[in-house]
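J.: Sharing a structure here in structure tokens format.
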Amino acid sequence: MKGAGPTGPAPFAFWRWLVAGTALLAGAACSDAPATAPDHTEPSAAAIAPTLDDALARAVAIETGTCGAANPADGTGIALGTDVVLTAAHVVASGGPITIRSTDGEREADVAAYDPRRDLALLTPRPPLTAVPPPPPMLDLAEGQAGTIALAAGSVPASVVTVTIVEIDDVRATTRSRRRGYIVDARTVPGNSGAGFYDDHGRLAGVVFAVSSEDADRSWVTAASEVDAFLSDTATRGSFRCDPEASRLAPAR
């Protein structure tokens with residue numbers, strides 16, 4: 001794969017999307033309330049200062065059922081809010097019913113956004129989660145920077161080995177895609193896809209999507225800048241359903 005080279009930390013303010021996006025997702029339930037514009041006032045540093053404990057509290061387990069001939073899948077998610085969970089798209093791509101398990105029990109979820117090129121998806125839990133920490137700031141890391149991968153049960157230390165442009169088949173294997181990412185020194189396993197990779201200050205640096213087939217101590221992570229772009233991409237929004245004939249997720253019509 002062709003390396004892109006590090007550009008250094010670059011923070012993102014995706015909490016702005018979350019304020020507006022959460023309001024849209026909750027709009028049907030709040031139709032009787034007067035419409036108000038989302039508050040985009042910049043929060044104080046103290047209000048958004050994340051911790052690694054917050055990172056662990058955001059991690060949830062995800063399980064999907066079968067759709068047609070597809071097999072069930074397990075993954076991990078990042079609760080960005082009580083009704084918004086970020087995960088890897090391939091975790092839910094098989095199109096079966098989705099279950100989210102967190103510290104406050106389990107519930108079903110729907111796919112609210114899906115991007116097979118970036119391998120990212122957003123889920124809406126039903127009912128919403130409770131006691132979710134504020135969404136973290138995001139930044140891309142440089143080679144040599146260390147952090148933690150937050151799992152639904154525990155955590156894994158990680159450090160960036162290479163910053164690269166990942167060229168890979170998209171989730172549906174219909175085309176080749178390119179996205180910014182990292183090869184990291186971290187021992188992850190199947191079921192960890194969708195987990196958040198955080199720096200030592202609790203800021204979200206990326207999302208795990210694969211473990212190396214050649215080295216169990218090497219994992220692949222989609223960079224935070226790709227997450228930020230995904231959250232801003234309205235083309236990924238919609239409703240999705242199980243397509244048994246294709247055995248995968250498909251846009252609802």
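J.: Could you pull out which residues in region 105-128 have an amide N less than 18 Å from a spot 7 Å beyond the Cα of Thr82, following the Cα-Cβ vector?
T.: 105-110, 123-128
J.: What is the spin-label model distance, in nm, from Leu52 to Asp185 if the labels are put 7 Å beyond Cα along the C-beta direction?
T.: Result for the modelled spin labels: 1.6 nm.
J.: Further question on the same structure: State to the nearest 20 debye the size of the charge dipole of region 187-240 about its Cα centre, where the only charges are +1 on K and R beta carbons and -1 on D and E beta carbons.
T.: Details: 4 positive and 8 negative charges, 40 e Å.
Result for region 187-240 is approximately 200 debye, rounded to the nearest 20.
J.: Along the Cα-to-C-beta direction of Ser212, a point sits 7 Å from the Cα; which residues of region 155-185 have their amide N less than 20 Å from that point?
T.: From region 155-185, the list is 156-169, 179-185.
J.: In region 138-253, what percent of the accessible surface is made up of carbon and sulfur (1.4 Å probe, ligands and nucleic acids excluded)?
T.: Numbers: 2330 of 5040 Å².
C and S fraction of accessible area: 46 percent.
J.: Using the heavy atoms of the protein chains alone and a 1.4 angstrom probe, what is the accessible area of region 51-102 per residue in square angstrom?
T.: Here the per-residue accessible area is 31 Å².
J.: Right, here's the next one. Please list, in order, the residues from region 225-253 whose amide nitrogen is less than 14 Å from a point placed 7 Å along the Cα→Cβ vector of Thr66.
T.: 244-245, 247-248
J.: Post the alpha-carbon centroid distance, region 151-165 to region 166-242, in whole angstrom.
T.: 11 Å
J.: How far is it, in nm, from the label point at Thr174 to the one at Val161 when both lie 7 Å from their Cα along the line to the Cβ?
T.: 3.3 nm
The values are calculated or read from the model by the stated rules, or taken from the named source; none is laboratory data. In this text the structure is predicted, and so the values were computed from the model without any measurement. All Cβ positions, even for glycine, are placed from backbone atoms using ideal geometry, and neighbour counts span all protein chains on display. Only protein heavy atoms, including side chains, enter the accessible area calculation; ligands, DNA and RNA are left aside. Shrake-Rupley method; radii C 1.70, N 1.55, O 1.52, S 1.80 Å.
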